[in-house]
1. Residues of segment 209-233 being away from the ligand (no atom under 14 Å from the Cβ), in contact with a strand residue (DSSP E or B) (Cβ under 8 Å, 6 or more places away or on another chain) and in a helix (DSSP H, G or I), which ones?
2. Can you tell me which residue within segment 196-208, out of those that are under 18 Å from residue 310 (Cβ atoms) and either assigned to a helix (DSSP H, G or I) or within 16 Å of the ligand (Cβ to nearest atom) (or both), is nearest to the chain's Cα centre (by Cα)?
3. With a cut-off of at least 3 residues that are under 30 Å from residue 369 (Cβ atoms), name the strands (runs of 3 or more DSSP E) lying wholly within segment 6-97.
4. Just to verify a result, which residue in segment 329-343, among those that are more than 12 Å from the chain's Cα centre (by Cα) and either within 16 Å of the ligand (Cβ to nearest atom) or without any contact (Cβ under 8 Å) to a residue 12 or more places away in the chain (or both), is surrounded by the fewest Cβ atoms within 10 Å (Cβ to Cβ)?
5. For residue 315, all conditions in the list (1) within 16 Å of the ligand (Cβ to nearest atom); (2) in contact with a helix residue (DSSP H, G or I) (Cβ under 6 Å, 6 or more places away or on another chain); (3) within 22 Å of residue 78 (Cβ to Cβ) hold save one; what is the number of the exception?
6. Do we find that residue 50 is surrounded by fewer than 23 Cβ atoms within 10 Å (Cβ to Cβ) and either out of contact with any helix residue (DSSP H, G or I) (no Cβ under 8 Å at 6 or more places or on another chain) or at pLDDT 95 or above (or both) in this structure?
7. Scan segment 260-295 residue by residue and report those that are exposed (fewer than 15 other Cβ atoms within 10 Å of the Cβ) and either more than 9 Å from the ligand (Cβ to nearest atom) or in a helix (DSSP H, G or I) (or both).
8. Given the options 389, 324, 360, name the one that is within 23 Å of residue 225 (Cβ to Cβ) and free of Cβ contacts under 8 Å to residues at least 40 places away in the same chain.
Ligand code: NAD
């Protein structure tokens, strides 16, 4: 199944429940604009490299469109289209005044030097600067991009349009970035895990937790949860799985990874296992925080976790979702679970527009409030209609976008 088909399948399950008319479904799944551009840049050896860049603007009925920039070899128009629509539903679930967009370049940035990434980013901006801006479409970091790429993006865009740091979020803190943006997605995942487990009557100390991925999202989620007394018994990254049935020393692993180029390679304070062992471990809570489609119909029946929080985008494919739902596994969907990042991006944009800085405490408080309100709404909707948390989250999101569309005059 192509990525956009998976997203639209979830959309249609919720639209069926809402009894949505065919014309409106078509309107809401069709992106407003899809742009493919040539990105031709100079390699360090003087050769010209040509790659494709994409920006898909899915929907702007609730506000300017918002979504990351991904540099990864798997990036193509269909993947970007799917991620752009997920952003529309994500911003609607947490009720921040944005629509959804996504962009990227189909290249592995690890094969480029820093200067090459900079030149490529600047050419990409040359090609798309007219369609992005603080009131239209605001990019942010995603896989393969970081605050430095955001700085180059902003600098290049401002050459055409003048000073306006609100054109992009995820900037360095000392250059109009927001305090707390880096930790935001993992912290949001942790906050929701605490709420969800309370609802499921599982005490933190009993909740054996395993996390796939120890990058930005996974490591901050691990930190938050171990501080909240959850035994984090396994984490994995590209170098393998690290396991301790009594609970890992997350603080030690964070400082090891930080000193070791954000990798756990060589860490000796835990039992080592192959990377793929993690997903099928006996645990109470599984948090996939690395890649999409890691749980599929081949391994879904072997998953032993009772609860899964989708920290990555699309880690469970729709066939696996059906298998796990039949096994009564509780799944907190990505559009809610990882919305902490876009929420603090929104706070960054607000601060940029007000020329004012919030304290880290204020960012954390507002993030906590936003995630808690969204969780409670989704939980109530799911309980009152006896539907999955995923369908409940999609229903809430779609009905908000539908309402905004109708208020804009689009109705039959
Ligand atoms: P990252 O690049 O910082 O970290 C990814 C981690 O996954 C690394 O530790 C890497 O070693 C690990 N990994 C990669 N392949 C693996 C494999 N096969 N098995 C085990 N581990 C593997 O990325 P990130 O920013 O933490 O993003 C992770 C996921 O969360 C992505 O799906 C991303 O789209 C999603 N997400 C991120 C944010 C954000 O703010 N960073 C926001 C929303 C969603």
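The values are calculated or read from the model by the stated rules, or taken from the named source; none is laboratory data. What you are looking at is a predicted structure, and each value in this text was computed from that prediction instead of being measured. Every residue, glycine among them, receives a Cβ derived from its backbone with ideal geometry; neighbour counts consider all protein chains shown.
1. Taking segment 209-233 as the starting set, the residues that turn out to be away from the ligand (no atom under 14 Å from the Cβ) are 209, 225-233.
Next cut, in contact with a strand residue (DSSP E or B) (Cβ under 8 Å, 6 or more places away or on another chain) only: 209, 225-226, 230-233.
Selection gives 225, 226.
2. Looking at residues that are under 18 Å from residue 310 (Cβ atoms) and either assigned to a helix (DSSP H, G or I) or within 16 Å of the ligand (Cβ to nearest atom) (or both), I get 196.
3. Values: elements: 33-42, 48-59, 65-71.
Once the strands (runs of 3 or more DSSP E) in segment 6-97 are filtered for at least 3 residues that are under 30 Å from residue 369 (Cβ atoms), what remains is 48-59, 65-71.
4. At the first step, the residues of segment 329-343 found to be more than 12 Å from the chain's Cα centre (by Cα) are 329-332.
Filter once more, keeping what is either within 16 Å of the ligand (Cβ to nearest atom) or without any contact (Cβ under 8 Å) to a residue 12 or more places away in the chain (or both): 331-332.
Numbers: 331: 22, 332: 26.
If we take residues in segment 329-343 being more than 12 Å from the chain's Cα centre (by Cα) and either within 16 Å of the ligand (Cβ to nearest atom) or without any contact (Cβ under 8 Å) to a residue 12 or more places away in the chain (or both), then 331 is surrounded by the fewest Cβ atoms within 10 Å (Cβ to Cβ).
5. (2)
6. On the way: surrounded by fewer than 23 Cβ atoms within 10 Å (Cβ to Cβ): yes; either out of contact with any helix residue (DSSP H, G or I) (no Cβ under 8 Å at 6 or more places or on another chain) or at pLDDT 95 or above (or both): yes.
Yes, satisfied.
7. 260, 261, 265, 266, 268, 269, 271, 272, 274, 275, 276, 282, listed by residue number.
8. Of 389, 324, 360, the one residue that is within 23 Å of residue 225 (Cβ to Cβ) and free of Cβ contacts under 8 Å to residues at least 40 places away in the same chain is 324.
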